[in-house]
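The numbers here are math on the coordinates, done by the rules we state, and not lab data. Source: prediction; values computed, not measured. Virtual Cβ from ideal backbone geometry, glycine too; neighbours counted across all protein chains shown.
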Amino acid sequence: MPRKSTARVALFDLSEPSYSLLSECFRQFGTETVRLAHKQADRLQREKFEACVLRLDPGAGPVIELARSSLSNNRMIIYGLGGTAQDALRYSKLCLNAVFLEPLERSAALKLVRSSRNLIVHEFQRYVRVPVMTEVRVTLSDGARVSATSQEISSGGMSMKASHAPEPGSPVEVSFSLLTLPRVWVRGSVAWKKSNKSFGIRFDTHDDRRQRLKDWLVAYLEA
């Protein structure tokens with residue numbers, strides 16, 4: 001009987017404590033980890049990985065670009081480690097999916113791995129939420145604008161974090177771009193907000209511009 005393939009995550013240039021903790025987290029969800037040095041980044045062109053974790057330092061950009069230009073790994077889930085919000089946004093056009101904050105905490109790391117597990121193992125749901133970090137412009141009904149950072153996106157809405165979270169029920173228009181999706185504008189309304197200044201938008205089902213995002217998500221999940 002053929003051996004069932006296992007999803008693999010490449011861990012780049014991580015310290016021993018970080019490597020051990022993240023390896024344990026991924027193994028709990030049946031995901032194999034492969035430890036790679038920065039000089040081995042070319043393996044992203046030769047081997048298939050479902051995800052990778054790398055530090056958000058000056059060397060991160062070339063590695064992310066290498067993965068996104070690879071036929072086999074251009075849709076892989078990419079996690080950053082550490083860095084600031086500005087560091088994460090610097091790579092948002094390359095579709096950085098999520099960030100493990102430092103210092104690493106086991107419970108927080110497990111929560112992030114759990115939330116993105118379905119994407120790694122390709123067990124997609126109809127309205128799956130894709131973790132992706134990109135800059136979002138939020139325009140309120142009075143014309144005021146808020147700059148936010150996305151956390152998750154689905155065909156029905158998105159969650160994000162900003163310095164100011166609009167009140168639930170507020171009508172908004174959001175605009176953002178993704179890896180292969182030019183800037184798109186979609187109307188919606190604020191569905192919820194939390195004390196940490198994160199909030200969720202529910203897209204207007206009558207806004208035909210939403211179709212571009214839906215098409216992109218389908219292509220992303222089927223790649």
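Structure values in brief
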{"read-out": "Residues of type aspartates and glutamates that residue 111 reaches as a straight line, Cα spacing below 15 Å, ignoring anything fewer than 8 places off in the same chain", "value": "24, 102, 152"}
{"read-out": "The chain, dipole about Cα centre (Lys/Arg Cβ +1, Asp/Glu Cβ -1), debye to the nearest 20", "value": "340"}
{"read-out": "Square roots of 5 times each gyration tensor eigenvalue, C-alpha, region 1-75, largest first, Å", "value": "20, 18, 9"}
{"read-out": "Unit charges at the beta carbon, dipole of the chain: most positive-side option, 37, 132, 205", "value": "205"}
{"read-out": "Kirkwood Rh (inverse of mean 1/r, distinct Cα pairs), the chain, angstrom", "value": "18.1"}
{"read-out": "Neighbour net charge for residue 115 - beta-carbon separation under 10 angstrom, K R +1, D E -1", "value": "+3"}
{"read-out": "Selected from 195, 150, 18 as most flexible by GNM, with the chain as the system and alpha-carbon contacts under 10 Å", "value": "195"}
